[in-house]
Amino acid sequence: MANDARQLAMPFFAEGDDDLTSNQRIGRVIRLKEVIHRTGLGRSTIYRWMGEGKFPKAIKLGGHSVAWVEQEIDRWLTERCR
């Protein structure tokens with residue numbers, strides 16, 4: 001049980017993701033609702049742009065759950081503002 005608590009407390013680590021170096025800490029992941037709120041984009045636009053390589057890809061959390069790395073969304077927004 002103590003091992004489970006330590007796993008929950010540990011930050012996520014990227015495993016060979018194209019945008020992140022191996023073992024780079026991922027501070028936080030955010031779900032679609034927050035991505036929509038932060039970007040002002042709609043769900044369909046987000047998924048279409050992901051497919052076209054214009055938007056950061058989601059990571060699978062399990063089952064039908066996905067999330068985005070907060071740092072990647074922030075970086076994408078910063079680049080869009082330039």
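No value in this document is a laboratory result; all are computed from the given coordinates. Just so it is clear, the structure is predicted and the values come from calculations on it, not from any experiment. Glycine gets a Cβ as well: all are built from the backbone with ideal geometry, and neighbour counts include every protein chain shown.
Descriptive notes on the structure:
- Distance (nanometres) between label positions extended 7 Å along Cα→Cβ at Leu32 and Glu70: 2.1 nm
- Within the range 44-82: backbone nitrogen closer than 17 Å to the Arg25 label point (7 Å, Cα to C-beta): 69-72
- Rounded if a/c under 1.5, otherwise prolate or oblate - the range 34-82, Cα gyration tensor axes: prolate
- Difference of contour (0.36 nm per residue) and Cα-Cα distance, Met50 to Thr78: 8.4 nm
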